[in-house]
1. Condition (residue is more than 10 Å from chain B (Cβ to nearest Cβ) and either crowded, with 24+ Cβ neighbours inside 10 Å or free of Cβ contacts under 8 Å to residues at least 40 places away in the same chain (or both)) applied to region C:269-280: is it met by at least one residue?
2. Given the condition within 18 Å of C:Leu415 (Cα to Cα), part of a helix (DSSP H, G or I), without any contact (Cβ under 8 Å) to a residue 40 or more places away in the chain and not aromatic (Phe, Trp, Tyr), answer yes or no: does some residue in region B:905-913 qualify?
3. Can you pull out the residues in region B:91-115 that are open to solvent by 50 Å² or more (accessible area, probe 1.4 Å) and either assigned to a helix (DSSP H, G or I) or more than 30 Å from B:Ser77 (Cα to Cα) (or both)?
4. Given the structure, is B:Thr876 crowded, with 21+ Cβ neighbours inside 10 Å, in contact (Cβ under 8 Å) with a residue 24 or more places away in the chain and either over 13 Å from B:Met716 (Cβ atoms) or in contact with an Asp or Glu (Cβ under 9 Å, 6 or more places away or on another chain) (or both)?
5. Would you check if B:Arg594 is at negative phi, open to solvent by 30 Å² or more (accessible area, probe 1.4 Å) and either modelled with pLDDT of 95 or more or under 29 Å from the mean Cα position of the chain (by Cα) (or both)?
6. Test of understanding: among B:Asn21, B:Asn80, which residue is on the phi > 0 side of the Ramachandran plot, touching a residue at least 24 places away in the same chain (Cβ under 8 Å), open to solvent by 40 Å² or more (accessible area, probe 1.4 Å) and polar (S, T, N, Q)?
7. Would you be able to tell me the number of residues in region C:148-173 that are open to solvent by 40 Å² or more (accessible area, probe 1.4 Å), over 22 Å from B:Val636 (Cβ atoms) and at the interface with another protein chain (Cβ under 8 Å from one of its Cβ atoms)?
8. Quick check on region C:178-191: of everything there that is among the hydrophobic types (A, V, I, L, M, F, W, C) and surrounded by fewer than 24 Cβ atoms within 10 Å (Cβ to Cβ), which residue is nearest to the other protein chains (Cβ to nearest Cβ)?
Amino acid sequence: MFIIDCPWCGTRDQSEFTTHGEAHITRPEDPETLDDAEWAQYVFYRNNVKGWYRERWVHSSGCGRWFNLLRNTASDAIAASYRPEDPLPPLPEDSY
Amino acid sequence: MQRSEQGGHIDRNTPISFRFNGHNYTGFDGDTLASALLANGVQLVGRSFKYHRPRGIMTNGPEEPNGMVQLETGAYSQPNILATMLPLYEGLEAKSQNCWPNVHFDLLSINQLFSALLPAGFYYKTFMWPKDWWLWYEKWIRRSAGLGVASKLPDPDHYCHVHEHTDLLIIGGGAAGLTAALAAGRLGAKIVLADERNAMGGSLLNEPSADVADSEIAVQIDGLSPKEWRDQTLAELQAMPNVRLLPATTITHYGHQNHLVGAQRIDEKQKPSGQRLRQILWRFRAKQVILATGAIERGPVFGNNDRPGIMTSGSLRGYINHYGLDAGRNVALFTNNDSAYRTALDLLRIGSTVQIIDYRSSTDSPDARLALQRGAIIQMNAAVTNCSGGARIREVHSHQLNPDDTLDKKSKRTVSADILAVSSGWTPTVHLWSQAKGTLRFREDIQGYVPDTISCAALAAGSCNGDNTLSQCLQSGHQTGIEAAKRLGLSGAEPTLATIHAPSDQHEQIVKPLFIVPAAQDKAKRFVDVQNDSTAAGIALARREGFRSVELVKRYTTTGMGTDQGKLGNMNAIGILADIAGKPIPEVGITTYRPPFTPLSFGALGGASRKGLYEQIRPTPIHHWHVDHGAIFEDVGDWKRARYYPQAGEDMYQAVQRESLAVRTTCGIFDGSTLGKIDLQGPDCVKLLNMLYTNAWDKLPVGRCRYGIMLNEHGMIFDDGVTSRLDTHHYHMTTTTGGAASVLGWIEEMLQTEWRDWQVHATSVTDHWAVVALNGPKARDILQSVTDTAIDAETLPFMAYTEANIAGIPARIFRISFTGEIAFEINVPARYGLALWQALMVAGKEYGITPYGTETMHLLRAEKGFIIVGQDTDGTVTPDDAGLDWLVSKKKPDFLGKRSLRRSDSARSGRKQLVGLTTNDGKTVLPEGTHIIETATANPPMQTLGHVTSSYYSPVLDYPIAMAVLRNGRARMGETVYAVNPADNSSTAMTVCDPVFYDKEGGKARG
Amino acid sequence: MTRPLPRAGKKPPQKYSIFSLARQAMQGHQGWQAAWRSPEPQPEYDVIIVGGGGHGLATAYYLAKETNVGRIAVLEKGWLAGGNTARNTTIIRSNYLCDESARLYGHAHDLWEGLSQDLNYNVMFSPRGVIMLSHNVHDQQVAARHYHALNLNGIDSTLLSAEEVKEKVPLINIHGRYPVLGGLYQARAGNARHDAVAWGYARAADQMGVDIIENCPVEDFVIENGVVKGVQTPKGVIRAGKVGVVAAGHSSVLAEMAGFRMPLESVPLQAFVSEPIKPCFDTVVMSNSVHIYMSQSDKGELVIGAGSDNYVSYTQRGSFDLFDHAVQPLLELYPFVARLRMLRQWAGIVDVTRDRSPIITKTPIENLFFNCGWGTGGFKATPGSGHVFAHSIAKGEMHDIAAPFGMDRFSTGALIDEAAAAAVMH
């Protein structure tokens, strides 16, 4: 079970959080201009990376705020947590 | 074995009586069940898993493969309890398991005769004929497997969880753990020291007590005997406010970021009664962890190495020195290292005749010299190859080794022995390190894996880190304690370590690799995993059959898969595999260490969440009224909702018929408090609603309500409800009962991540408001009688909202209807919910006001063709499928899910569409879920048109009604279709119709 | 026949039976052949299957047995069947709601019933019955819908009352926090010995000449002009006419190598077993509402499955919290378990699709096929999945039963939504 650093509340146990998967998937500006396959990429397709991954978490049993984690899916190491408006923290050098 | 006159750390003044296999015995306080049984001469304790061979106690620790008992009876009965870990208590009752009729005469030991037919994995090769007989074979296989018996009764005991944050968690209270705790504790670290034993001290307790110790060789720490030093150290730690000692606590899990879990057994020395807390599950977050988990001594693999009377050397030493046992007249020792000579000296001290078979060609151990002087017979360069005896060992056979370590076949030697102590090295207990994804490295000098690297804040000390003498353990614990304190940022004068006097530790320890002794000319079974009856032949067979990976060999032979999880045998299996493959051990690899370290009580894992404390129910503010008036409830999520209110003699059907007629003719009252409610405020509410719902919200005036459906991005209906405009920038949204949390979650996610500049606040107010719905022709009369606010049809028309004071309670009234009747949904602060309900019941009495539950609500809305999300839709239904295309704005440029509606499959014609169905016979009410076909005869497998989503007998119409989703349904109006009864594939003729059955024009609700 | 050497292809394969066991017993079991060889890879194959789990091995077996594709290899990055095949709770059933699923899992179920004989390897398929519990009205509605749909799809099922559930499972508590109102029962369903399935397929495939190569991870695909031509491995490039990827949790990683994405997320799924006890639990019981699945293995362990964590992870380690929350309903439903102890706990990596149905598909790369997305329920489909995938690869066109499971469904919207029907809100 991770310890997650909520950018608003500080470090808390994972049990206080929920995730909705990959972060930085922006809803298309004008969906009507997309073809079915492009729209499907937004709705269903994910990078599902083995390695450093940016994902969206919410402090659901806490402040209720959404934020992003930079976490390594191959080791579960967490490199950074940041608010949606923050600049992207860089990927750590080590691959795992 | 028997109890000696003196020595040991048991309390000879406190006798304890217990029963084993129906016989009464006596032990002493401080005994384990195992030591007490051995003291009473009980050697045979159980039968093995597969061959039902007689088995005795082999160790004195958690690695014990055989010494398992069925503890206690009735609801307190527990299978597979390790006698070696169980403190003796007054009245303890235990028996052997996996044997019938008893441990001395076990019918299934007949398996031994057929053992040639039962090699590793034999069951994969047979039992395939006749084809359908596997279930029959399996029944017998299951019966002979399985060890102990589960109590069929609910566990009467109590458990709880404790969460603890600490600077430093030290696991293991032996020599290294104690010096680590002392050092770090003196430097001020907040420490928890956990040890799996009731009595901390680890191997310190295996040293002779002061009264019997031999001054020439005795270990002294600060001038004290190990036991005395241990007592003094524990007292010092106990007195430190920053140290918490947790005896009888096994840490079983090591997870992410130093999250460790273990169970503490409380009051183990009392017979279980259900009156006390039995176990605590500790969940730690530690800044630093020190593993001082010790090492487990293993014995080598040789012929009949499972006989009762064979014991690991250190364990035998423990039984002598810790529990004050006499070992027996003749003891043989088989070793490849020096530690066994400590045992030899203790044996000599208590008067045993000692034969030592040493696998090595030489040793410079001072203990060995002394043992020789004191009369031990030492046979160097030799190996035990077999032993004989039945229910207990009698003779030990050995051979001399040739220079290439093969057997000198002519050199067979036999000695008689009551006990054979074995030692082929110590396996560091690296389970937790490995669980935490730490890496291991193989150390040739100790022939074992030790901790290498780890990414979390953990250190290892003592014999789990490869230290193989007491002095080293004490020293490395001390150093590691200081290191942990440093890592914690604690400074201060470095504490000093006790002075250690351990004469026999001062020479180079030599371990000669030994996992399996070459077979002599006999066919004796050579066990690798004693508990699972996995043999060296089995491992060789697996290898021969192509199972190359150590993981595959484990699975094929079941090596290491018993309750001990291979603590004794796995290293031997790896050694044997390396031998067969001709590879060095590190290239063979090791199997994964999985949690828990030792079996962990499910009761402790469940904690207090049992016996009515599992998942609190969510009652409405009016719940107790429903209870008092005989309501039958249904679970919806965590809510309890009143389903119907049966009167005397009524079943559900009758109650629902009565309740729904009352709504249609006078007035019904309904508790709608579970409805999801979200308060929306801010200038961008309209923008938000326009994105969430499929219809347009720009023109909804203040004081008006509107129904809407929400789609997920996949274009399917996922929630619906009415949202009302309370003020210019203030809306009250309702959702389904089950959808409340996810709708709010979604709104928040979109607002915080996608539309971050939109100014809307969304707040869940589900629990803030109690909702009482009045429905029926008399609803207005009743409501008007308790309020001064005008609620006539002109002032408060259909789909309008007003604030009012009802029976003295400030309320919000929404004129919305889920029944098709004149209806008011009255929201009051939750604490007034019951008062409002009662006031309305009083006011409505003369009209015959009737409480109705969810079942009637479902019937009434079905008469109107209103969908219930989750019942008439299932996540595959588009607005058009549900007949709600009119709710989808054609003008809005975008809303959630809009784009998906255009996809080829979502937009195609002929999809399943919501329609009504009536039964042609006018009587039959179809079960919900019934499937519909085109033809009168059902011949499965066949295509279905769709299924019935809702079905009731309508009392107001006096015929059955149903809603269904049918392929191309709306084009089938008036067609006859058939509903299939799976019991006999008979069918019922139905007619497809409009799903609105009652008051199609909708005039009643507007009235 | 008695030489313990790997056979050279021409030697007749050994047959397993009580007679061969007895014969071998007389010679100390020295004469058993390797169940499969450990060959070095050839430079080229007609078909390479990437992934030596149950599905991959089954695919290779049916390719060799029922098609004429030529030379076949299975490449496994670790040890045979060391992924989800070795980690699942072994439940086999075919009572799926959607017609497409009913056909796929029904096809698998039919193959299970003769599998031990077909493979000459006892996979211990044990049709002891599976009950799926209903805890509320909505569950009952869903169960009833299944019952009716299954009947028309020709798949056996029965609705049980709470009392009938109790009769079949005497140790269940039907009056708990979420009471048992009934169950959907499939008598033909049950479980099997997971390892044996993979080993049986491996042995049978090997006997027909399939090269099974362990410790051979695929590091890249060789793609020329949009057509797959082989794979890059530590043992060098192995060329292939067609490549079928059956890599479960690692499917996305392999897809990325080939230059496209999959609609998948790989999440940890945990399972655990109790210590072995004498038989006391004869059927397989599943509760979708509280996410607990339990059966008793032939060894006597209670085998328990729980829900999956919802974060992506390839570590084969789940969160303690999820596990903790699985034990609570377990004890509520089966109070006797509280006095037992957990022996072992582990996690697999399951590749989950949005509609909880698998993906059996062609890909943007010609001659490259993927079979993935089985999520938490792949074991039961092993024979069917392998069978339809083998025929799809051989023909170059998706098998009739597999066709609806293509990845294009995520573009057209024609999802096969088992999740929607079972787990919607109410």
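1. Yes.
2. There is at least one residue in region B:905-913 that is within 18 Å of C:Leu415 (Cα to Cα), part of a helix (DSSP H, G or I), without any contact (Cβ under 8 Å) to a residue 40 or more places away in the chain and not aromatic (Phe, Trp, Tyr).
3. Residues satisfying the conditions are B:Leu107, B:Leu108, B:Ile110, B:Gln112, B:Leu113, B:Phe114.
4. yes
5. The answer is yes for B:Arg594.
6. Working: B:Asn80 fails: open to solvent by 40 Å² or more (accessible area, probe 1.4 Å).
Only one candidate passes the filter, namely B:Asn21.
7. Here the count works out to 2.
8. Per the stated criteria, the residue is C:Leu181.
The values are calculated or read from the model by the stated rules, or taken from the named source; none is laboratory data. Please read these numbers as outputs of a predicted model, since none were measured by experiment. All Cβ positions, even for glycine, are placed from backbone atoms using ideal geometry, and neighbour counts span all protein chains on display. Keep in mind that these areas ignore ligands, DNA and RNA; they rest on the heavy atoms of the full protein, side chains included. Shrake-Rupley method; radii C 1.70, N 1.55, O 1.52, S 1.80 Å.
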